[in-house]
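Since every read-out is calculated from the coordinates, none of them should be taken as a lab result. Because the structure is a prediction, the values reported are computed rather than measured. With ideal geometry, Cβ positions are generated from the backbone for all residues, glycine too; neighbour counts draw on all protein chains shown.
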Amino acid sequence: NTLAQIHAVARENECQLVLSTFFTKYRRDQRRQSQIQNADVAFYYMPWMGIEQLLDGVELYNSAIIGYANSNDLPVIRECDSIPADESHFIDCMHLTDKGCEQMARRFASFLIDENIVVQNVVANDQ
């Protein structure tokens, strides 16, 4: 299992592995037509899949990530809808624009600080 190998390397190097759920532009809470439009590239590369299978697949993928994190006592960012499913945040069904990447970076930074994985140092400037 590749994730187990990554975890082993992180442990060997005394690095904290932090996992995250996966985002897509197509989501269960969207109207069907929006889901289909937002899954554009997924349909190109997986033409045998329907929208329900794509949605189920993302949920199974995220469940596996969370399950691995839980069974190995790893921190995991569970939420998967803080980045809006729109053209300003997504290039296609899964790749983020610069604005989407900035939002993802904020998502990680907030989690790392909130969970005390990274301690934010505040330096007082007397000037």
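What is the angle, in °, between the Cα long axis of helix 98-114 and the longest principal axis of the Cα atoms in the chain? Nearest 10 is fine, range 0 to 90.
Compared with the principal axis, the helix lies near 50 degrees.
Counting pairs of alpha carbon atoms under 8 Å apart in space and at least six apart in sequence, what relative contact order in percent does the chain give?
Numbers: 104 pairs, mean separation 34.6, N = 127.
Dividing the mean separation by the residue count of the chain yields 27 percent.
Taking the Cα centre as origin and putting +1 on Lys and Arg beta-carbons and -1 on Asp and Glu beta-carbons, what dipole magnitude results for the chain, to the nearest 20 debye?
Numbers: 10 positive and 18 negative charges, 59 e Å.
Roughly 280 debye, rounded to the nearest 20.
Return one number: the angle in degrees, 0 to 90 and rounded to the nearest 10, between the long axis of the Cα atoms of helix 2-12 and the longest principal axis of the Cα atoms of the chain.
Orientation of helix 2-12: about 10 degrees from the principal axis.
Sum -39500 (n - 2.57) across every DSSP H segment of at least 4 residues in the chain, then divide by the residue count to get the 222 nm mean residue ellipticity, nearest 500.
My calculation for the chain gives -15500 deg cm²/dmol from helical runs alone.
Using only the Cα atoms of region 9-71, what semi-axes does the equivalent ellipsoid have when each is the square root of 5 times a gyration tensor eigenvalue? Give whole Å, largest first.
After scaling each eigenvalue by five and taking roots: 30, 12, 10 Å.
Compute log10 of I(q)/I(0) for the chain with the Debye formula, placing one identical point scatterer on every Cα and leaving out solvent, at q = 0.16 Å⁻¹, to two decimals.
Per q value, in the given order, log10 I(q)/I(0) is -0.92.
Considering only the other residues whose Cβ falls under 10 Å of the Cβ of A42, what net charge follows from Lys and Arg at +1 and Asp and Glu at -1? Let's see the in-between values first.
Values: positive: K25; negative: D40, D92.
So the surrounding residues net to -1.
V118's amide H: which non-local residues (gap 5+, or another chain) put their own amide H closer than 5 Å, with H modeled 1.01 Å from N in plane and none for Pro or chain starts?
I113
Along the charge dipole of region 6-127, pointing to its positive end and built from +1/-1 on Cβ of Lys, Arg, Asp and Glu, which listed residue (N116, Q103, S34) has its Cα farthest out?
Of the options given, the answer is S34.
If r is the Cβ-Cβ distance from E14 to Q37 and R0 is 35 Å, what FRET efficiency results, to the nearest 0.05?
Rounded to the nearest 0.05, the efficiency is 0.20.
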